[in-house]
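Take a look at the structure below.
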Amino acid sequence: MDCVFCKIAAGEIPSKKVYEDDKVLAFYDLEPQAPVHILIIPKEHIASAAEITPENSSVVAHIYEVAAKLAAEQHLDDGFRIVCNAGKDGGQTVPHLHFHLLGGRSMKWPPG
Ligand code: AMP
Ligand code: ZN
């Protein structure tokens with residue numbers, strides 16, 4: 001599978017890990033868009049949010065638990081944002097489901 005995040009999950013491409021368990025991995029984004037910018041991914045290949053099904057959706061709840069834990073560890077006490085870009089119009093560039101945990105600055109709304 002020629003997927004950069006599958007390769008990161010398998011340890012074939014290096015990453016700056018912040019959290020790992022049997023189901024998910026969290027690592028720092030290469031091009032941070034905020035003082036804290038962490039990506040949280042399922043280890044299982046799911047192409048995008050459009051591919052979430054009753055069979056695989058439990059990992060999404062787990063990712064949100066991990067996000068809350070990491071936000072606390074990163075002292076994002078004033079708030080943070082979790083973003084999941086899906087597909088072309090959503091601005092997704094890596095076709096493996098991932099959630100951006102962004103914090104450390106005030107976010108704008110609506111997103112561009
Ligand atoms: P998206 O545009 O939502 O698909 O987000 C993909 C994100 O992955 C971008 O923020 C990239 O900076 C980040 N990214 C791509 N390759 C790597 C990598 N090898 N290590 C860490 N982050 C990466
Ligand atoms: Zn993948």
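What follows is calculated from the coordinates using simple rules that are stated; it is not laboratory data. Bear in mind that the values here come from a model prediction, so they are computed numbers and not experimental data. Cβ placement follows ideal geometry from the backbone for every residue including glycine, while neighbour counts extend to all protein chains displayed.
Enumerate the aspartates and glutamates that LYS17 could reach by cross-link, defined here as Cα to Cα under 16 Å, with residues fewer than 8 away along the same chain left out.
Within the straight-line cut-off, LYS17 pairs with ASP29, GLU31, GLU73.
Above 12 angstrom, tally the Cα pairs of segment 1-43 and express them as a % of all pairs, no decimals.
Value for segment 1-43: 57 percent of Cα pairs lie more than 12 Å apart.
Please flag any cysteine in the chain that has no other cysteine's Cβ under 4.7 angstrom from its own Cβ.
CYS84
Cross-link partners among lysines for LYS23, C-alpha distance below 26 Å, same-chain residues fewer than 8 apart left out?
LYS7, LYS43, LYS69
Relative to 2.2 N^0.38 Å, what does the C-alpha radius of gyration of segment 49-112 come to as a ratio? Two decimals please.
1.23
So if I average 1/r over every pair of distinct C-alpha atoms in the chain and take the inverse, what Kirkwood radius in Å does that give?
14.4
Would you look at the GNM of the chain, springs on alpha carbons closer than 10 Å, and say which of ASP89, ASP29, ASP78 moves the most?
Highest fluctuation among the options: ASP89.
Please get the size of the charge dipole for the chain, origin at its Cα centre, with Cβ charges of +1 on Lys and Arg and -1 on Asp and Glu, quoted in debye to the nearest 20.
300
What value, in deg cm²/dmol to 500, does the helix sum -39500 (n - 2.57) over DSSP H runs of n ≥ 4 give at 222 nm once divided by the residues of the chain? Intermediate results must be reported in sequence, preceding the final value.
Details: 3 runs with 26 residues, N = 112.
Only helices count here, giving -6500 deg cm²/dmol.
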